[in-house]
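Contents: one structure, followed by commentary.
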Amino acid sequence: MIKPQYIVESTLVPHSAFIEAGARIERCMHNTINSPESACVAIVGESRTGKSTVLDEFCRNHLEYRKEDGLYTPVLKVVTPSNPTVKGLAELMLEKMGDPRYESGTEIAKTNRLKVLMRNSKTNMVVIDEFQHFCSRRNGVVAHHVADWLKTLVDENRCGLVVAGLPSGLAVLEQNEQLAGRFFTPMLMPRFDWRIDEHREEFLGILGAFQGSIGRYFDIPRLDEEDMGFRVFRATGGLIGYLSKFLKYAVWGAIEGGQKVITLEGLRKAYQESIWDPNSPSDTANPFDKNYQPRHIEGQIGIALNIGCAKLPNVLPRRKIPFSSDDQLVSGKF
């Protein structure tokens with residue numbers, strides 16, 4: 001039985017973009033096995049749209065396992081450090097593969113050990129999260145040496161490659177034609193937009209799923225009704241990560257207060273204490289105030305869509321990688 005304080009993070013609602021991204025990764029891995037060429041896919045989107053959760057769910061479906069002849073690691077996943085280097089990334093991968101000497105050796109020695117470990121462990125997929133770190137936030141310079149090393153690693157081991165991160169990470173592919181040539185069309189995971197009917201309906205459906213989970217322990221206002229749904233959208237900006245954080249805080253507040261009811265006032269306090277948005281106008285009303293009336297809906301939506309935004313460097317690509325029309329799906333996770 002799940003404890004009440006963990007009910008939000010234990011609720012996974014696979015919506016269209018989440019399902020599509022997972023399917024693309026699975027397809028990439030399946031078609032790379034025994035293939036002479038690596039298959040690669042990029043998952044991109046704003047922060048807190050569910051990219052990392054897609055990767056985590058994929059990894060959970062392909063866990064390490066042991067046989068009589070050793071340990072098998074079908075998927076090798078690492079998070080890109082800031083200012084990545086070949087030596088540092090190789091160390092991370094060796095550590096994940098269980099190499100007791102992961103810090104020892106030169107760049108070449110570490111790379112050779114990693115290749116042997118991957119072949120012996122039957123690694124079919126390399127997963128790189130926070131891929132935008134390959135591109136400097138300060139000046140937009142791409143770590144070409146690291147990108148070339150990664151391309152060679154997956155090519156020589158004939159394994160697939162999945163990268164995920166902010167859209168700025170596409171500059172790595174745009175400025176490296178050999179690497180870009182191995183990638184399929186990037187999968188975009190956008191935030192939910194209340195103005196788009198399909199987005200709004202799916203967002204309300206997700207709220208309904210949370211309503212069902214949280215409602216097993218607490219009485220809570222109907223999150224999936226139009227008025228309350230808009231309040232939640234305005235509070236979270238249509239970002240699944242912010243939605244999860246906000247609802248988690250509301251549940252914690254009820255538990256700490258010894259209550260079985262999450263009131264509108266409880267939601268107001270949860271929003272006030274959990275979602276800090278430096279881009280929001282100082283005179284913006286709390287969307288869970290009992291007298292909240294969004295008189296200018298477009299203005300409220302504009303404020304919501306600015307939540308979580310960060311200023312990214314302007315990077316001039318050498319060539320563009322287009323999104324296909326059917327990639328414009330809703331996003332998220334939990």
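The values are calculated or read from the model by the stated rules, or taken from the named source; none is laboratory data. All figures in this text were calculated on a predicted structure; none of them were measured in a lab. Cβ placement follows ideal geometry from the backbone for every residue including glycine, while neighbour counts extend to all protein chains displayed.
Listed values, structure above:
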{"quantity": "Verdict on LEU114 being surrounded by 22 or more Cβ atoms within 10 Å (Cβ to Cβ), more than 17 Å from the chain's Cα centre (by Cα), in the same structural domain as PRO84 (by TED's automatic domain parsing) and assigned to a helix (DSSP H, G or I)", "calculated": "yes"}
{"quantity": "Given (1) farther than 20 Å from CYS28 by Cα; (2) part of a loop (DSSP other than H, G, I, E, B); (3) in contact (Cβ under 8 Å) with a residue 12 or more places away in the chain, index of the condition PRO100 fails", "calculated": "(3)"}
{"quantity": "Check on ALA171, in a helix (DSSP H, G or I), modelled with pLDDT of 95 or more, buried (at least 20 other Cβ atoms within 10 Å of the Cβ) and not β-branched (Val, Ile, Thr)", "calculated": "no"}
{"quantity": "Residue, farthest from GLY22 (Cα to Cα), within segment 67-89, restricted to residues that are in a helix (DSSP H, G or I) and free of Cβ contacts under 8 Å to residues at least 40 places away in the same chain", "calculated": "LYS87"}
{"quantity": "Residue within segment 50-66 that is part of a strand (DSSP E or B) and free of Cβ contacts under 8 Å to residues at least 24 places away in the same chain present", "calculated": "yes"}
{"quantity": "Among the residues listed as GLU198, GLU177, GLU156, the single one being assigned by TED's automatic domain parsing to the domain that holds GLU225 and charged (D, E, K, R)", "calculated": "GLU198"}
{"quantity": "Among the residues listed as LEU247, LEU223, LEU267, the single one being surrounded by 15 or more Cβ atoms within 10 Å (Cβ to Cβ), part of a loop (DSSP other than H, G, I, E, B), in contact (Cβ under 8 Å) with a residue 12 or more places away in the chain and not basic (Lys, Arg)", "calculated": "LEU223"}
